[in-house]
Amino acid sequence: QKGGPFSLKECAISIILAAELITGIPSLDAYAANPPLPDLSVLISGPPIKDPGALLRYALPINNKAVREVQKPLEDISESLKIAGVKALDSVERNVRQASRALKQGKTLIISGLAEAKKDRGAELLDKLEVGMEELQQIVEDRNRDAVAPKQKELLQYIGDVEEDMVDGFPYEVPEEYRNMPLLKGRAAVDMKVKVKDNPNLEECVFRIVLDGYNAPVTAGNFVDLVQRHFYDGMEIQRADGFVVQTGDPDGPAEGFIDPSTEKTRTIPLEIMVDGEKSPAYEATLEELGLYKAQTKLPFNAFGTMAMAREEFENNSASSQIFWLLKESELTPSNANILDGRYAVFGYVTENEDFLADVKVGDVIESIKLVSGLDNLVNPSYKIAG
């Protein structure tokens, strides 16, 4: 990496070693063998959520208990399917019955939580969800295990769409100093097509990435603006070490995007949304803010978590370099890693994320194309001449 400012793993190691010197925490070897336990509240609440779709659903700025009570048992089907053979279907059946009961009891409350302009579409989605759960019940009765996961995915898509229809406008004001930057006020999705070299099993792959502007409007807006400029098209993967996959360093001496309107590197502030807060924290890590036990709204939990790279000791130095975390490193266990609160997460790879492990240095991003959400981008600088 040119200039070497974005060595996340080395940064992680230095943090741990520094902590050992200051606090007497065991050394790195001991850390790897016995990673620290998460906070007690995390243990009580159950295992961390690692599915990118679920993380995105829970990250929406909504508060509707009724829809969550339908969502949770449908998501739990994934755990039920870990049971071998058709025995798994008994557990799946309990999940489906629980979700169906929750939908029947809570449908009125769910509809009341929809944004006024989206009530008709939301009601239609709920009708489709009801029919789909009946179909899933029949799949279980027919003991067709292979058909369960595809139907579950379909139902959770309905749930996610209903929950997005509960969001009525953008929920907060971005601070004035960042208000004129490209901002993503909502969600967007891109398809990243990567040409893979020297791999007999994989020639190319398209990764679907969902970007979350509700929780990282400046960071996601900056990226979408660069995508619309075709900044990443034709760029090589520049790091792939089993820890992260990283790219975004342009040719030449610059380590970020040079805005042609200013002829200077465009940088963005560190931006992190804390669970329970109404707007993100800017320009400081959660550690610097004293929020040691705070949970981030977009955690480094999923394989393919997408975040901005930056200089280790300069919070506001991110520009165009991006990385995807490969789980699970001994340094990044979900809910107990050293990246949450230090780097700005702004999306997740939701399709083909497992293939990120096959991407190598020198593989080429043929294109990144926006497939939805352009209407949510405000102050797009790519439209400015030059």
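The values are calculated or read from the model by the stated rules, or taken from the named source; none is laboratory data. Predicted, not measured: the structure shown is a model, and the values here were computed from it. Neighbour counts are summed over all protein chains in view; Cβ atoms, including those assigned to glycine, are modelled from backbone coordinates with ideal geometry. Protein only, heavy atoms only, side chains kept; ligands, DNA and RNA dropped before computing areas. Shrake-Rupley method; radii C 1.70, N 1.55, O 1.52, S 1.80 Å.
Probe of 1.4 angstrom, ligands and nucleic acids ignored: what's the accessible area per residue over the stretch 103-188, in square angstrom? Walk me through the numbers on the way to the answer.
On the way: 4670 Å² over 86 residues.
Per-residue accessible area for the stretch 103-188 comes out at 54 Å².
Could you please state how large a percent of the accessible area of the stretch 176-378 is carbon and sulfur, counting protein chains only and using a 1.4 Å probe? Could the numbers behind the result be given before it?
Numbers: 3600 of 8110 Å².
Heavy-atom surface of the stretch 176-378 belonging to carbon and sulfur, 1.4 Å probe: 44 percent.
Could you give the nm distance between label points at Asp191 and His230, where each point is 7 Å from its Cα heading toward the beta carbon?
Between Asp191 and His230, the label points sit 1.7 nm apart.
Using the alpha carbons of the stretch 52-166, what is the convex hull volume per residue in cubic angstrom, as a whole number?
Working: hull volume 9.5 nm³, N = 115.
Roughly 83 Å³ of hull volume per residue.
Could you derive backbone 3J(HN,Hα) for the stretch 254-264 from the dihedral phi with the Karplus parameters 6.51, -1.76 and 1.60 (θ = phi - 60°), listing whole Hz in sequence and x where the residue is Gly or Pro?
Ordered by residue, 3J(HN,Hα) equals 5, 9, x, 7, 8, 6, x, 6, 10, 6, 10 Hz.
Within the set Lys151/Lys360; Lys82/Lys197; Lys118/Lys193; Lys107/Lys297, which residue pairs have Cα atoms separated by over 30 Å?
Details: Lys151/Lys360 34 Å; Lys82/Lys197 34 Å; Lys118/Lys193 33 Å; Lys107/Lys297 26 Å.
Flagged as over cut-off: Lys151/Lys360; Lys82/Lys197; Lys118/Lys193.
Which whole-number percent of Cα pairs in the stretch 176-378 have a distance greater than 31 Å? List each step's numbers first, then the result.
Working: 2651 of 20503 pairs.
When every Cα pair of the stretch 176-378 is considered, 13 percent fall beyond 31 Å.
Give me the percent of accessible area attributable to carbon and sulfur for the stretch 52-166, probe 1.4 angstrom. Let's see the in-between values first.
Working: 2850 of 5890 Å².
Ligands and nucleic acids excluded, carbon and sulfur give 48 percent.
Taking 0.36 nm per intervening residue step and subtracting the Cα-Cα distance, what contour gain separates Val206 from Leu289 on full extension?
Numbers: separation 83, 0.36 × 83 = 29.88 nm, distance 3.82 nm.
That pair, Val206 and Leu289, stretches by 26.1 nm at full extension.
Rounding to the nearest 20 debye, state how big the charge dipole of the stretch 52-166 is about its Cα centre with +1 on each Lys and Arg Cβ and -1 on each Asp and Glu Cβ. Numbers along the way, then the final one.
Numbers: 19 positive and 21 negative charges, 73 e Å.
Roughly 360 debye for the stretch 52-166.
Picking from Tyr214, Ser261, Gly242, whose Cα lies most toward the positive end of the charge dipole for the stretch 214-267 (charges on Cβ: Lys, Arg +1; Asp, Glu -1)?
Tyr214
So what is the orientation-averaged projected area of the stretch 140-259, using the convex hull of its C-alpha atoms, in nm²?
Projected area, direction-averaged: 12.2 nm².
When Lys and Arg each count +1 and Asp and Glu each count -1, what net charge do the other residues less than 15 Å away from Glu134, Cβ to Cβ, add up to?
Working: positive: Arg97, Arg101, Lys104, Lys107, Lys128, Lys151; negative: Glu93, Asp127, Glu130, Glu135, Glu141, Asp142, Glu154.
Once all neighbours under 15 Å are counted, the net charge is -1.
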